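Q: Starting off with a structure, shown below.
The values are calculated or read from the model by the stated rules, or taken from the named source; none is laboratory data. It should be emphasised that the depicted structure is a prediction, and the values quoted were computed from it without experimental measurement. Backbone-built Cβ (ideal geometry, glycine too); neighbour counts: all protein chains shown. The protein model used for the area step is the full one, side chains on, heavy atoms only, and it has no ligands, DNA or RNA in it. Shrake-Rupley method; radii C 1.70, N 1.55, O 1.52, S 1.80 Å.
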Amino acid sequence: MAKTALIVRHTPYEGIAGFRLPIEQAGYAVSRIDVTDPAFADLDWTTPDLVALMGGPMGVHEDAIYPWIAAELAGLRRRLDAARPTIGVCLGSQMIAAALGARVFPGPTKEVGFAPVALLPEGTGSPLRHVAGIPVLHWHGDTFDLPTGVERLAETELYAHQAFRIDPWLLALQFHPEMGEDPRIEAWLDGSDAYLAEAGTDAARVRADYAAHGPRAVVAGRALVAEWLAALPG
């Protein structure tokens, strides 16, 4: 039987994108669920062989606005308690941090655009080695305290917590190495002028950098995920 991978989508325009190929090549049958699906509240979090939590414009602390956040954190805690393979991107990484007991909160500034992450010594020997020196997409304003018991892998000048792991089964990425070829970037840009201005950029620049750096970022992101998947037990 094929292994199963469940993609948790917080908004329709932030899907698995470039990560689909390495996940399918690793032998997983991919399905997805949107957090707005009525079935989400009763989701079985421990059965899928892999869960991937993608990004979204909301914050973990906005649970009064988004009632599904509480359900997601409860289910995610069950999965993490069982040490089941899990990867999170941007909001997904923040959800993982919160489920592990860390505080998630608005950061001092928006971080948007293409730039490399700086790998810590622990990161250079991890699957993140594939993105070393590669401009990857950042798009966030929230951050988190580092959860207890994890290994920090990467940072930027603006945000110290860009990636962490519990080896071999958990990987959290604040940045977006899955994005670079997905045309849904236009949905991210639509109506985001004020947000982008806070980050010191604009839609034209992000769009140009997406074309210039995106394909290389996706290649690196796919190699990162492929190596991480290959090290999973079983």
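Q: Considering only segment 114-143, state which residues are open to solvent by 50 Å² or more (accessible area, probe 1.4 Å) and assigned to a helix (DSSP H, G or I).
A: 121, 122, 124, 129, 130 - these are the residues of segment 114-143 that are open to solvent by 50 Å² or more (accessible area, probe 1.4 Å) and assigned to a helix (DSSP H, G or I).
Q: Here's a follow-up. Given the residues 176, 138, 130, which is the only one that is touching a Pro at 6+ places or on another chain (Cβ under 9 Å) and in contact (Cβ under 8 Å) with a residue 24 or more places away in the chain? Reasoning before the result, please.
A: On the way: 176 fails: touching a Pro at 6+ places or on another chain (Cβ under 9 Å); 138 fails: touching a Pro at 6+ places or on another chain (Cβ under 9 Å).
So the residue among 176, 138, 130 that is touching a Pro at 6+ places or on another chain (Cβ under 9 Å) and in contact (Cβ under 8 Å) with a residue 24 or more places away in the chain is 130.
Q: Name the single residue, out of those in segment 179-188 being open to solvent by 70 Å² or more (accessible area, probe 1.4 Å) and in contact (Cβ under 8 Å) with a residue 24 or more places away in the chain, that is farthest from residue 14 (Cα to Cα).
A: The qualifying residue farthest from residue 14 (Cα to Cα) is 181.
Q: Is it true that residue 38 is open to solvent by 30 Å² or more (accessible area, probe 1.4 Å), within 13 Å of the chain's Cα centre (by Cα) and of a type outside the set (Val, Ile, Thr)? Walk me through how you get there before you give the answer.
A: Working: open to solvent by 30 Å² or more (accessible area, probe 1.4 Å): yes; within 13 Å of the chain's Cα centre (by Cα): no; of a type outside the set (Val, Ile, Thr): yes.
In short, no.
Q: While we're looking at this one, here's another question. Quick check on segment 189-227: of everything there that is of a type in the set (Val, Ile, Thr) and closer than 21 Å to residue 158 by Cα, which residue is most open to solvent (accessible area, probe 1.4 Å)?
A: My answer is 201.
For (1) within 22 Å of residue 178 (Cβ to Cβ); (2) of a type in the set (A, V, I, L, M); (3) at pLDDT 95 or above; (4) more than 16 Å from the chain's Cα centre (by Cα), each residue gets a yes or a no:
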| residue | (1), (2), (3), (4) |
| --- | --- |
| 59 | yes, no, yes, no |
| 71 | no, yes, yes, yes |
| 81 | no, no, yes, yes |
| 99 | yes, yes, yes, no |
| 104 | yes, yes, yes, no |
| 114 | yes, no, yes, no |
| 117 | yes, yes, yes, no |
| 121 | no, no, yes, yes |
| 124 | yes, no, yes, yes |
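Q: Between residues in segment 215-228 that are more than 14 Å from residue 129 (Cβ to Cβ) and residues that are open to solvent by less than 30 Å² (accessible area, probe 1.4 Å) and part of a helix (DSSP H, G or I), which pairs lie under 8 Å by C-beta distance while being six or more apart or on different chains?
A: Between residues of segment 215-228 that are more than 14 Å from residue 129 (Cβ to Cβ) and residues that are open to solvent by less than 30 Å² (accessible area, probe 1.4 Å) and part of a helix (DSSP H, G or I), the close pairs are 217/131; 218/17; 218/18.
Q: Considering (1) of a type in the set (Ser, Thr, Tyr); (2) under 16 Å from the mean Cα position of the chain (by Cα); (3) open to solvent by 10 Å² or more (accessible area, probe 1.4 Å), say which one residue 159 fails and leave the rest.
A: Result: residue 159 fails condition (3) only.
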